[in-house]
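Note sheet for the following structure.
The values are calculated or read from the model by the stated rules, or taken from the named source; none is laboratory data. All of these numbers come straight from a predicted model, not from anything done at the bench. Reconstructed Cβ throughout: ideal geometry from the backbone, glycine too, with neighbour counts over all protein chains shown. Remember, those area values only see protein heavy atoms, side chains included, never the ligands or the DNA or RNA. Shrake-Rupley method; radii C 1.70, N 1.55, O 1.52, S 1.80 Å.
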Amino acid sequence: MIRTIEWTDSGVVMLDQRLLPAEEVYRTCKDYREVAEAIRSMVIRGAPAIGIAAAMGVALGVQHSSAQSLKELDREFHDICECISSTRPTAVNLFWAVDRVKSVYRETRNEGIEAVREALIREAGEMHRQDIAANRQMGCFGRELIPDNARVLTHCNAGALATAGYGTALGVIRAAVEAGKQIQVYADETRPFLQGARLTAWELQKDGIPVTVITDNMAGYFMYKGMIDCVIVGADRIAANGDTANKIGTYSAAVLANENKIPFFVAAPVSTIDFGIPDGAHVTIEERAAEEVRSIHGIPITPENAVVANPAFDITPERFISAIITDRGIARPPFRESLRALATNGAGSP
Ligand code: MRU
């Protein structure tokens, strides 16, 4: 099993995803600022994994607090939450996780700092466990949508590495394979950070699931040739109407799938749905460092100081999405109604 992130007595341990697949190095973050830096620099990435790292980061911050009074603790807690929240703006799971630990803090602060410490560590552990359970649940719902012998295209990495384990989009693929289906995965390379080539291919190879890596600009060719049966991706934030923010390039894959009449599925836990925004236009898209585009592993691929753009995410309009697979069931268009119904009542039909 892939250990993406773990709480240990010596700190928060993460598999450094910048170095995969060449090296499997675990890093121990010993204070909350190191956790914040690990999220920012993408030692850990993927919306659900970022959420868990955020909760563990806050717990670590409070564990090392030297506050002498409740007032001091309040101030420190606020600074810790601000620091963690400022790391990456797009994945809603980060803010959802910080809100969750904030309410635990409010409920326990009057019992004293020891009680707060224990409650925050417990909550972060609970989120870790719940994430794996949610992914398994998504797998159970979503596997029904994947036909036997399907050739499935995925973009970025929405696997065990992007979550506490098992994965969202890759969780659905894993569940289909566990149900006895033969699945061939096509993994978009996912420039510039190469989550598909480096991480998705690594995970699937480890599980013995057949995977073919293609560069991002090949997806249309394979669809046109009739070699893709469905597309499945994860999500960083889903607006109330179903518009989905996910890794840059997801929109292109959705448009191509639509043009070629191929079902396009999104898999994400309900914690990725942001009912506070009506549509995708309200999502803040992270702009990352130019260097990520100018070089690969330190080797320049553009003229020095070439002007580049590096938006890390894009928005796929809901009209291109055939279904959203959640841990509460499957939502179908119109998503404004179906997502709300799932979040309130659960259990949508395959
Ligand atoms: O920049 P990243 O690697 O954090 O972006 C990750 C993605 O876009 C994933 O597809 C998304 O978070 C879903 S992960 C289960």
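For the reader, a short list of remarks on this structure follows.
- In the chain, the calculated helix contribution to ellipticity at 222 nm averages -12500 deg cm²/dmol per residue, counting -39,500 (n - 2.57) for every DSSP H run with n ≥ 4.
- Rounded FRET efficiency, nearest 0.05, which uses the C-beta distance separating MET227 from ASP279 and R0 of 41 Å: 0.80
- Cleavage-rule hits, chymotrypsin sites (Phe, Trp or Tyr not before Pro), the range 287-350, DSSP coil, Cβ neighbours within 10 Å at most 14: none
- Counting Lys and Arg as +1 and Asp and Glu as -1 over every other residue whose Cβ lies under 13 Å from the Cβ of ALA47, the net charge comes to 0.
- Per residue solvent-accessible surface (Å²) - the range 5-136, probe of 1.4 Å: 43 Å²
- Between ARG328 and VAL270, the built amide H atoms are under 5 Å apart, and every one of these is 5 or more places off in sequence or on another chain.
- Solvent-free Debye calculation, one equal scatterer per alpha-carbon of the chain: log10 I(q)/I(0) at 0.07, 0.08 Å⁻¹ equals -0.28, -0.37.
- Amide hydrogen neighbours beyond the local backbone of SER295, cut-off 5 Å, H modeled: ILE301
- Within the range 205-307, the GluC sites (Glu not before Pro) that combine a DSSP coil assignment with at most 15 other C-beta atoms in a 10 angstrom radius are GLU304.
- Backbone N under 15 Å from the ARG340 label point (7 Å along Cα→Cβ), restricted to the range 257-300: 274-279
- Violating pairs (Cα-Cα greater than 21 angstrom) within the set LYS181/LYS206; LYS30/LYS71; LYS225/LYS261: LYS30/LYS71
- Computed from Cα atoms, the angle from the helix 335-345 axis to the main principal axis of the chain rounds to 50 degrees.
- Amide H within-cut-off set for VAL25, under 5 Å, with H built and near neighbours excluded: ASP16
- Taken along the Cα-to-beta-carbon direction at a fixed 7 Å, the label points for HIS64 and HIS78 span 2.2 nm.
- Approximate spin-label separation ILE299-ASP148, in nm, with each point projected 7 Å along Cα-to-Cβ: 4.4 nm
- Alpha carbon centroid spacing (whole Å) that separates the range 286-350 from the range 112-172: 16 Å
- Considering all C-alpha pairs of the range 5-136, those separated by over 26 Å amount to 17%.
- Taking the longest Cα principal axis of the chain as reference, the axis of helix 250-259 is set at about 30 degrees.
- Solvent-accessible area of the range 5-136 (1.4 angstrom probe, protein heavy atoms only): carbon and sulfur portion equals 48 percent.
- Carbon plus sulfur fraction of accessible area for the range 142-345, probe 1.4 Å, in percent: 52 percent
- Highest average first, the peptides 228-238, 51-61, 112-122, 171-181 ordered by how many other beta carbon atoms sit within 10 Å of their residues are 51-61, 228-238, 171-181, 112-122.
- Derived scalar couplings between HN and Hα for the range 62-79 equal 6, 4, 9, 5, 10, 4, 9, 9, 4, 5, 5, 5, 4, 5, 5, 4, 4, 5 Hz in order, rounded to whole Hz, by the Karplus curve 6.51 cos²θ - 1.76 cosθ + 1.60 (θ = phi - 60°), x for Gly and Pro.
- Area of TRP96 that stays accessible when all protein chains are in place (1.4 Å probe, Å², to 10): 90 Å²
- Compared with the direct C-alpha span, the chain from ASN217 to GLU178 gains 11.0 nm at full extension, assuming 0.36 nm per residue.
- For the range 202-254, the convex hull drawn through the C-alpha positions has a volume of 113 cubic angstrom per residue.
- Per residue, in Å², the accessible surface of the range 142-345 once ligands and nucleic acids are set aside, probe 1.4 Å: 40 Å²
- Over all Cα atoms in the range 226-276, the spread is summed up by Rg and Dmax: 11.6, 39 Å.
- With an a/c value of 1.5 or above and a/b not larger than b/c for the gyration tensor axes a ≥ b ≥ c computed over the alpha-carbon atoms, the range 142-345 is described as oblate.
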